[in-house]
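What follows is calculated from the coordinates using simple rules that are stated; it is not laboratory data. Everything numeric here is computed off the predicted structure, so don't read it as measured data. Positions of Cβ are generated from backbone atoms using ideal geometry, with glycine treated the same way; all protein chains shown enter the neighbour counts.
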Amino acid sequence: MKQHTTIFFCCLLMFFSLSCSTNKTTDGQEEQKSTSASMAAWQNHKFSMFIHWGLYSIPAGVWNGEQITGYSEQIQGHARISKDEYTLLAQRFNPVNWNADSVALLAKQAGMKAIVITAKHHDGFNMYDTKYSDYNVVDATPYKRDVIKELSEACKRHDLKLGLYFSLIDWNYPGAKPFTSVRNSDSIPAAHHQYNLHQIEELLTNYGAISELWFDMSSPTCEQSKEMARLVKRLQPDCLISGRIWNDQGDFAVMGDNKSPEFQMGTPWQTPASMFDETWGYRSWQKRGDVKVKAKDKIRDLVNIVSMGGNYLLNIGPTGDGKVIPFEKQVLTEMGKWLKVNGEAVYGTSVSPVPSQEWGVITAKPGKLYLHVNVISDNKKLVLKGFNSKIKRIYPLANPSIRLNGTQDGDNLVIDLSDINASEFVTVFVIEYAGDLQYTPERVVRDNKAEFILTAENGTSYHSYSGHDYYSLHPTVVKIGWYLPKTDKSEYMLELSYTKAHLNKELRIDINGQEYFITPDENNYLPNEQCYRKQLGSVKLGDAAFNLIELNFKDQSNPHKDLNAEGLTLRLTVRR
Ligand code: H79
């Protein structure tokens, strides 16, 4: 017999304790933390604009008449251009076609909620008026205008958040050069670190509220990462920090370029994406292909990422004279048109407890599931596996007056799409259901109910990333969750096995919302099993229609730290 488990789908009050939050400032005060409200607001952006624009946009991937491969924003390294020669580009930077308002309006029209622009890329050229270097857009170019200032004002006018990309390597810094053996993960000399701190202070002081600081590359020491994070939080507690500040000091994890995670994430995260895999900065000779094909690709990436709880940061590369190229404008316009119709299935949604299916992905709001269908099958039937809630109505989001028929076939819902015209990109259907969401979770621990043995293997792992730099970054498990079927036995003895790696690290166990804390100690070592064991006492199961158990660290000041999940086992045994 199939086990039907009722999942109470509640408006999840996200609990995000931010990294570095336990760091003390030099005067012993607890430093400022971002509020969970600013994190929730950031997570609800879903779709934002990335802009790579700088001196490199002038050569646009061509040097001495030769097409240079490799990211065009890194042409200084790829074409082995000397510092002296590269810095001359500043004299040619006069982007008369740049218009901060029309860029902001394009982002709005595309359905984006924020813009993140390169304040400084690896070439070290400052796109803002810094007093710590003359190599900046105001002092070194005929343009003489502070690009970041103008964009910050345009963003305010058009109700967009502004984030800033800030490279932690700087090929123009005395002693530095592009493409050393560590491939953009150079360490930061003390004087350069001070320069970075000064610039972070300028960026967070002179341009109003900054919603995210997008650090990138380099290999700072732990102390350098912490110092930068502390400075950010002191100046703007609501400014979120990208994971590429390294050393687990970021507020959100950044996926690899154009990558989505292969697992469920346990921390806020973002995918940075370029229009073309080959470059972020404008490349004049880029083969661009068809606008509709690209728009479809990017809409599908957007909904995939949103369905997994992430944010999508999609890049444009304006030309050296400040134009957004027509291809990129058209792709964003197509995405905006789709979002105008289907935005309800993107903004304000959360991860659906019902997992993605062959035909596409699912997003959720209380009482609603949004089915994002890539292809409607020839038989015009859409099968939603494992769904058995009471249905109020089903309709296409593009035309809510149409009623679709859904019939229950065992554990599956079959929706009839006979009269539906598919969108050329992704067609969204809405299921409104009554009461609690009922579905069969993919993984339920089905032991004999007298004893449950919970391991990383039979649970769901939630991930983040941890590491010192781009090349050492690795996925971590930051939480494990298990669904247990409804039981009639209410009292269980709870026991935890753990390894040396867990000693003295306080753990939190959440059983149906009730918290328990346990500090692994050395008291009871079992040599045969090569682990320690500790009894936690008696807990209750079975009151609810399902049981949800979660295990993670009590201290969430580093939400990226690995639990060493494979060494943890929870055992629940019925008390007689
Ligand atoms: O801004 C964009 C990239 O320019 C920047 N991050 C995104 C958002 C980035 N900088 N470095 N990397 C990404 C990592 C790639 C470095 C390498 Fe290479 C490319 C290593 C090997 C190939 C460049 C060429 C460095 C050494 C040789």
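Computed quantities for the displayed model
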quantity	calculated
Cα centroid separation - the stretch 289-333 against the stretch 233-287, whole Å	15
Antiparallel %, DSSP beta bridges [both residues in the stretch 250-363], to 5	35
Spacing of the two label points (7 Å from each Cα toward its C-beta) at residue 194 and residue 383, in nm	6.8
Cβ-based exposure ranking for 222, 239, 531, in which fewest neighbours within 10 Å come first	222, 531, 239
Residue order, fewest to most beta carbons within 10 Å, for 279, 573	573, 279
Point-to-point label distance, residue 223-residue 356, nm (Cα→Cβ direction, 7 Å offset)	4.3
Three semi-axes of the equivalent ellipsoid, the stretch 85-127, Cα gyration tensor, whole Å, largest first	26, 14, 6
Efficiency of FRET between residue 576 and residue 453 - r from beta-carbon atoms, R0 25 angstrom, step 0.05	0.90
Ranked by how many other beta carbons lie within 10 Å on average, peptides 42-48, 566-572 from highest	42-48, 566-572
Above-threshold pairs, the threshold being 30 Å between Cα atoms, out of 340/381; 177/479; 46/83; 131/233	177/479; 46/83
Magnitude of the charge dipole, the stretch 51-118, Cβ model with Lys/Arg +1 and Asp/Glu -1, debye to 20	200
Simple Cβ-charge dipole of the stretch 170-255, Lys/Arg +1 and Asp/Glu -1, about Cα centre, in debye nearest 20	140
Modelled FRET efficiency - R0 35 Å, residue 486 with residue 263, Cβ distances, 0.05 increments	0.80
Distance histogram for the stretch 165-215 (every C-alpha pair counted, 5 angstrom bins, percent rounded to whole numbers)	4, 18, 27, 22, 15, 9, 4, 1
Peptides 60-70, 94-104 ordered by average Cβ neighbours within 10 Å, highest first	94-104, 60-70
Among 374-383, 240-249, 176-185, the order from most to least packed when residues are scored by Cβ within 10 Å on average	240-249, 176-185, 374-383
Space enclosed by the convex hull of the alpha-carbon atoms of the stretch 77-163, per residue, Å³	112
Relative exposure of 305, 325, judged by other C-beta atoms within 10 Å (fewest first)	325, 305
Charge sum, other residues only, whose C-beta stays under 13 Å from residue 467's C-beta, Lys/Arg counted +1 and Asp/Glu -1	-1
Antiparallel DSSP beta bridges within the chain, as percent of all bridges there, nearest 5	75
Cα gyration tensor, the stretch 168-250 - rounded (a/c under 1.5), prolate or oblate	prolate
Solution diffusion estimate, µm²/s, Stokes-Einstein, the stretch 364-477, Kirkwood Rh from C-alpha pairs, 10 °C, viscosity 1.306 mPa s	92
Paired Rg and Dmax values of the stretch 36-126, which use every Cα atom, in angstrom	16.4, 51
For the chain, fraction of C-alpha pairs farther apart than 39 Å, in %	35
Cα gyration tensor, the stretch 238-348 - rounded (a/c under 1.5), prolate or oblate	oblate
C-alpha center-to-center spacing [the stretch 484-528, the stretch 148-175] in angstrom	47
Label-to-label distance, nm, for residues given as residue 535 and residue 288 (7 Å Cα→Cβ offset)	7.1
Potential lengthening between residue 40 and residue 421 on full extension [0.36 nm per residue; Cα-Cα distance subtracted]	133.6 nm
Projected-area average for the stretch 311-419 over all orientations - Cα convex hull basis, square nanometres	8.8
